[in-house]
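Please read the structure below before turning to the comments.
Bear in mind that the values in this text are calculations on the coordinates, not laboratory data. Keep in mind the model is a prediction, meaning the values are calculated, not measured. Here the Cβ positions follow ideal geometry from the backbone for every residue, glycine too, while neighbour counts run over all protein chains shown.
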Amino acid sequence: MKIALITDYNILNTNHEINSVLSKISNLNPKTNNLKIDLLYISKQTIIKPITLEQVNEIHIYNQIEEPNNISNLIKVALHYNNIYTPDLFISCLKENQDAFIPQLASKLSIESFLNIESIKFDNETQKFNVIKPIYSGNVLGHYIVSDRAVLSFTKEKTSSKLIKVSNVPIIKYIDYTDATTLKDDIVTFEKVVPSGIKDAKFVIVCGYGVGSANNIELLKDYAKSVNAVICGTKKVIDLGWLPMNTLIGTTGQIISPDICLTIGVSGAAPLLNGIIKSKLIIAINKDKDARIFNYADYGIVGDYKDIIEKEHF
Amino acid sequence: MKIISCIKQVYDLDIVLENDWVVDETTNKINIDYANLIMNPYDETALELMLRITDSSKDIKTEVITIGNKKSEAILRKALAIGVDDATRIEIDHELINNPFNIAKLLHHKIKDDKEVKLVLCGRQSDIFNHGQTGQILAEKLGWSCFTNVFNITYKDSYFNVSRTTSSGIEHIKTNNPLVVTVTQSPNMFLRMATLMNTMKAKQKPINFISKELSEISEDTNEKFYNLEKLTVEKSKKNCIYLNENKNKSINLQLSDLINNSLNKGVK
Ligand SMILES: Cc1cc2nc3c(=O)[nH]c(=O)nc-3n(C[C@H](O)[C@H](O)[C@H](O)COP(=O)(O)OP(=O)(O)OC[C@H]3O[C@@H](n4cnc5c(N)ncnc54)[C@H](O)[C@@H]3O)c2cc1C
């Protein structure tokens, strides 16, 4: 069995993203199950020195790609590799365009594809992979049996389990591949968005529709400043334009795990809950005592938040 | 020129009660049939984006397509009532639409020969299976370019201007057509309302229909795909401790103490 991990992250740095994926497949017991893991590295860089990378057998370096992020180049490289090695699984670990790369590669190969799975298992008896991913907007987990081969990715989270260190030095192969495309006539301008700082914040305040207005959010920003918290919102709040798009929390936004997560006027729909559930402490303020959020909070306060947040802010 | 929006009727999962998320052992399903049927929220955003393009370019034709049973015509009528020109329903056995490949295949079959179509919009994701891949696969099958996570799109001088979020920021792309976009949340892009008169009129409008037989999906190809073996509900419910107003300590003091203590201790 063979797994191909495809990445454009710089593998020379101790890389969180790649390690996080490797840790999520370490439960497949590559050694005992005779799974070979190849890393496809797509970059402009020419030559790298030997590195240690746990569990990886071979690193295939596609190093003459002018535009490594270009989706059609990523697919071409994957197909090139596929023609030689035909891996059972492609696992994608890309900076951008992951959500386009995965289904499009799978469609080209007529195999299954899964975005943002939670975990993967290998069934020794059937010799098949089992994929677990959220369904029903995250209210339920779906257990899929991969019928043949698949392309997939894991959810990106901040926390990751530890790798077993065995100081493995994979073989490096350079692939002479020059059939790359340069971008067509699209004109792309990039607007750098001020990072929201949400991922690294120790204290996050999630505002929901229940805060009532954009103006109230401004007042809550003052409060957030006074307690050193970062402010973000639910989908309803983003839809209304009360907070910028890069502050959305949830399965379609960011998944966070701060020391404290304070929710204000948030009902606790599953896609939102899945974004905050890994917080060390959840405090919920909601005026409805039956709100779903209270089932998942460590501390709850039932009432109008304006009576609860320190008065000077309102 | 023509623009197509692909829309889906879904259950409003927000109103499903906590305790109803249980798997029925015999059917291996979850019974949420009491929930309202609505248009998938991301498809609503996509539909509104489409209508805003035609607000300024009247000569562009618009169409909505849905895959589903007779009931799902409700969302098509809604679209007709707010100004969409044509509506098409593709019928298929419910079991066969559990994966994005089959959906994309059906849409591809419908769209591929229509040379007028220059843009197809899909919501980025819908309820139940949450694969989030239909638009991308459709683009691959059509051989068109594809942009995901689009929150705005406009049309000018035969180019589309697409704005989309990426993991590092926002991209504005001036692009040729044809293309497929998948639409994410977008500020102030709520679907417009229909007037009562237009709602009445929409009831009389014809809806194009593509039957099962014509939709070109055979059962055996489906069997190989997406074997959902079982569902589980794994909840990490907590025992919430409620803070109450009391004489000795006001509620806001209790809250700030809780916050300060937790931050100092590095939590539990
Ligand atoms: C496919 C899909 C993906 C989605 N992904 C996400 C996602 O990633 N993130 C996300 O957030 N949502 C997501 N959603 C939307 C989600 O289902 C909910 O609609 C949304 O999270 C609800 O937002 P809310 O809690 O702010 O609003 P509501 O559900 O309207 O809740 C408002 C709450 O505020 C309370 N309240 C009102 N006034 C006050 C007051 N004065 N003081 C205290 N409390 C008050 C009310 O009791 C209520 O509980 C997704 C939906 C779909 C279909």
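Results, tabulated for the structure shown:
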quantity: Distance violations [Cα-Cα > 27 Å] among B:K8/B:K29; A:K235/B:K205; A:K108/B:K78; A:K235/B:K118; A:K36/A:K280; calculated: A:K235/B:K205; A:K108/B:K78; A:K235/B:K118; A:K36/A:K280
quantity: Residues A:I145, B:I97, A:I42, A:I65, sorted so that the one with the fewest Cβ neighbours within 10 Å comes first; calculated: A:I145, B:I97, A:I65, A:I42
quantity: Pairwise label distance in nanometres, A:N10 with B:R192, each label 7 Å out on the Cα-Cβ vector; calculated: 4.9
quantity: Kirkwood estimate for chain A, i.e. one over the average of 1/r between Cα atoms, Å; calculated: 21.7
quantity: Rotationally averaged projected area of region A:2-182 (alpha carbon convex hull; nm²); calculated: 10.4
quantity: Euclidean distance between Cα centres, region A:92-144 to region B:1-70, Å; calculated: 23
quantity: In degrees, nearest ten, helix B:100-111 long axis to first principal axis of chain B (Cα); calculated: 30
quantity: Unit charges at the beta carbon, dipole of region B:2-221: most positive-side option, B:N102, B:V10, B:N149; calculated: B:N149
quantity: Candidates per GluC sites (Glu not before Pro) in region B:1-82, loop by DSSP, up to 14 other Cβ within 10 Å; calculated: B:E25
quantity: Value of Rg to Rh for the protein assembly as shown (Rh from inverse mean 1/r over Cα pairs, i.e. Kirkwood); calculated: 0.97
quantity: Relative exposure of B:T88, B:T148, judged by other C-beta atoms within 10 Å (fewest first); calculated: B:T88, B:T148
quantity: Centroid-to-centroid separation of region B:86-144 and region B:178-209 [C-alpha atoms, Å]; calculated: 17
quantity: In sequence order, calculated HN-Hα J values of region A:57-64 (Karplus, 6.51, -1.76, 1.60; Hz; x Gly/Pro); calculated: 7, 9, 10, 9, 9, 9, 10, 10
quantity: Most mobile listed residue (B:V84, B:V233, B:V23) in chain B, GNM with C-alpha springs under 10 Å; calculated: B:V233
quantity: Length-normalised contact order for region A:2-182 - Cα pairs under 8 Å, 6+ apart - percent; calculated: 30
quantity: Net dipole in debye of chain A [+1 Lys, Arg Cβ; -1 Asp, Glu Cβ; about Cα centre; nearest 20]; calculated: 600
quantity: Partners for A:K2 among aspartates and glutamates (Cα-Cα distance below 19 Å; same-chain residues under 8 apart left out); calculated: A:D38, A:E54, A:E58, A:D88, A:E112, A:D123, A:E125, A:D148
quantity: For chain B: Kirkwood Rh in Å [reciprocal of mean 1/r, alpha carbons]; calculated: 21.1
quantity: GluC sites (Glu not before Pro) within region A:71-162, DSSP loop, no more than 13 other Cβ atoms inside 10 Å; calculated: A:E125
quantity: Per-residue Cβ neighbour rank within 10 angstrom, fewest leading, B:V183, A:V151; calculated: A:V151, B:V183
quantity: DSSP bridge orientation in the protein assembly as shown - percent antiparallel, rounded to nearest 5; calculated: 35
quantity: Label point at B:E245 placed 7 Å out along Cα→Cβ; residues across region A:173-213 whose backbone nitrogen lies under 20 Å; calculated: A:211
quantity: Whether region A:203-311 is rounded, prolate or oblate, judged on the alpha carbon gyration tensor where a/c under 1.5 counts as rounded; calculated: rounded
quantity: Extension gain from B:D20 to B:K58, taking 0.36 nm per residue of separation minus the Cα-Cα distance; calculated: 9.0 nm
quantity: Crossing angle, helix A:98-109 versus chain A [Cα axis fit, 0-90 degrees, rounded to tens]; calculated: 40
quantity: For the protein assembly as shown, calculated [θ]222 nm from helices alone, where every DSSP H run of n ≥ 4 adds -39500 (n - 2.57); calculated: -7000 deg cm²/dmol
